[in-house]
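Report on the structure given below.
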Amino acid sequence: MDMDLKTTKKLPSFFILGAARCGTSSLYQYLKQHPNIYMSPVKEPCFFCETFQVIKNPVEYARLFEASQNQAQIGEASHVYLTNPASAGTLRNFFPKAKFVLILRHPADRAYSLYHQMRRWGYETITSFEKALETEERRFYSKWFHRHCNQYIYNFFYFRSGLFGDQIERYFRLFDRTQFYIITLSQLKEAPLSTIQGIYAFLGVEKEFKPEIKVFNKGQTSRWPLLQNFLNLRVRQPRRLRRLALSFAEKYNLTQIPPMNPETRRLLCSRYQPDLKKLYHLTRITFSE
């Protein structure tokens, strides 16, 4: 990656690595509220993921942090860094002393939530979660899909993107484990203030600070994914028409996520068992079925 970031003073000292659909949006907001933490104004710049960069220019990336003042910590949040195989090595090269914050949930529930989020955005047009899981194998090995995928590719790999054991092991090979603070979504829900203040303490800022606590980026799905694809991704101009299209989608096409089929969840839990054992060995984190 061609850039001169090592000599730039205002750059991240910590990263929220993910995982996607585990509460990273809320976590980002809670850390952003702390007066001694500066968070990138762009969530998910994804600069250190060459296959899916939202911010592509190193100068533009460095400018994300120019407004920081005397905050003790500077952070950014890009969940792609956890799933993208090359990101750990890139971050090790540029930020060997960085700290990392992760929030996880049961991977089966996370996979289901990610599928519906992709429907909500209009990227996923397969009409059932079960069919999308079957299609994942074909997508994973398809060179055509890798070339023409219109979003971050691991967001289409609902099962694989939840292999937290493999993903964290990749980071533990390159960084000291004391550089990581890992929580679960259930911890954040059950004891939000103490959980957040634990992160503050890990980052070395005033842990008694109390942020405004609410849920950000609530999960939704679309009733008709092909329609959502058209409204979200095709209608661009004029701007007034786009606003009307998105307003229509919000009112008529977006809805609450229905419960997962119990048998589908049971099969997914079984598939995840080997990786969950690895995750426990690495972090002592477990999830209830």
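The values are calculated or read from the model by the stated rules, or taken from the named source; none is laboratory data. All values derive from a computational prediction rather than experimental measurement. Neighbour counts run over all protein chains shown; Cβ positions are idealised from the backbone, glycine included.
Structure values in brief
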| item | result |
| --- | --- |
| Every residue from the stretch 120-136 that is at pLDDT below 95 and within 18 Å of Gly162 (Cα to Cα) | Glu124 |
| Enumeration of residues in the stretch 81-124 that are assigned to a loop (DSSP other than H, G, I, E, B) and hydrophobic (A, V, I, L, M, F, W, C) | Ala86, Phe95, Ala98 |
| Residues within the stretch 25-48 that are over 16 Å from Lys99 (Cα atoms) and under 13 Å from the mean Cα position of the chain (by Cα), tallied | 6 |
| Pairs where the first residue, in the stretch 271-287, is assigned to a loop (DSSP other than H, G, I, E, B) and the second is among the β-branched types (Val, Ile, Thr) and surrounded by 12 or more Cβ atoms within 10 Å (Cβ to Cβ), C-beta under 8 Å, 6+ apart | Ile285/Ile182; Ile285/Thr184; Phe287/Thr184 |
| Leu102 vs. criteria in contact (Cβ under 8 Å) with a residue 60 or more places away in the chain and under 25 Å from Ser288 (Cα atoms) | yes |
| Answer residue from the stretch 134-181, given it is small (Gly, Ala, Ser) and over 19 Å from Cys49 (Cβ atoms) and is surrounded by the most Cβ atoms within 10 Å (Cβ to Cβ) among those | Gly165 |
| The stretch 190-211, residues that are free of Cβ contacts under 8 Å to residues at least 12 places away in the same chain, more than 16 Å from Ser13 (Cα to Cα) and in a helix (DSSP H, G or I) | Glu190, Ser194 |
